[in-house]
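The values are calculated or read from the model by the stated rules, or taken from the named source; none is laboratory data. Fair warning: this is a prediction, and the values are worked out from it, not measured in the lab. Cβ atoms come from the backbone with ideal geometry, glycine included; neighbour counts cover every protein chain shown.
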Amino acid sequence: MATAETYTPSQLYSVPLAELQSDPNQPRKYLDSQALEELTASVVQHGVLEPILFRQDKQTGFLYVIAGERRCAAARKAGLSTVPAVFIDSDNYAEIALVENILRQDLTPVEEAEALKRLQDDHAYKQEDLARILGKAPATISETLSITKLPQQVRDECRQDPNVPKKVLIGLAKNKQQRSMITQYQNYRKAQAKAAAPNTRTTAKTSPAQTMVGALETVEKKVSALDFETFSGEDVQLISNAMKGLQITLKETIARIPQ
């Protein structure tokens, strides 16, 4: 039943959870169960520390969550009846929801790409407009949008899996044919499963050289899979300094290798 209350923009309210509905256009589709349990435990102990953002449908009066879907879910699991929430009166609520989730790094790469695409289509935005709204480079927006070209089955699976790097999905999307995208994605999954599977075979003792080569290959794979957009500026600088130090060590070591 629609609420009859009139809300003031930017005002903080204590809103009944029973009146807050999930926005069908909410960019977040995936809720990590472990992260939700941890947030629920925090809510039980401290309450909801950051207000929800909500809007009111002008025709029905229904209240929809703009940002804070996970906080609402945790509050419900914690047994709360109300949550602190700020009313947003803006036709750009989709932009607000997307920006808030991206800034919090709460979206999987597929969720981010689909939300960007929906925002672009709904408002006839150019990629330059999206870049301005999100404060990102146009090339980054273009790469993110390319993920929406992936086959539906790939997107459906990756939408629920935050562990698939954005870089991998962008690489898949560069294939011209969807069949190639699917094949390459299946190969990626097989490689991941093989790497995660325990090695039960009895093998000969590994030599120090083999151990070193294996370690170098592991470092190479991890470095290649780095997605610097997921790190803070401080973390990027930390990684950069470490890699520069490693580069110097490698050059000195290579120079000592007997010819």
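Taken as a whole, the condition of being surrounded by 11 or more Cβ atoms within 10 Å (Cβ to Cβ) and either within 26 Å of LEU169 (Cα to Cα) or free of Cβ contacts under 8 Å to residues at least 60 places away in the same chain (or both) applies to THR230. When we screen ARG132, ARG155, ARG159 for residues that are under 17 Å from the mean Cα position of the chain (by Cα), at pLDDT below 90 and over 25 Å from VAL219 (Cβ atoms), the only hit is ARG159. Tell me, yes or no, whether the range 163-172 has at least one residue that is more than 14 Å from THR230 (Cβ to Cβ), surrounded by 15 or more Cβ atoms within 10 Å (Cβ to Cβ), assigned by TED's automatic domain parsing to the domain that holds LEU116 and not small (Gly, Ala, Ser). Checking the range 163-172: at least one residue is more than 14 Å from THR230 (Cβ to Cβ), surrounded by 15 or more Cβ atoms within 10 Å (Cβ to Cβ), assigned by TED's automatic domain parsing to the domain that holds LEU116 and not small (Gly, Ala, Ser). Within the option set THR218, THR211, THR206, THR253, being free of Cβ contacts under 8 Å to residues at least 12 places away in the same chain and exposed (fewer than 10 other Cβ atoms within 10 Å of the Cβ) holds for one residue only, THR253.
Scanning the range 1-20 for residues that are of a type in the set (D, E, K, R) and at pLDDT 85 or above returns a single hit, GLU19.
One residue alone among VAL164, VAL213 is in a helix (DSSP H, G or I) and of a type in the set (Val, Ile, Thr), and that residue is VAL213. Here GLN184 meets the list (1) of a type outside the set (Val, Ile, Thr); (2) part of a helix (DSSP H, G or I); (3) within 13 Å of the chain's Cα centre (by Cα) almost entirely, failing just condition (3).
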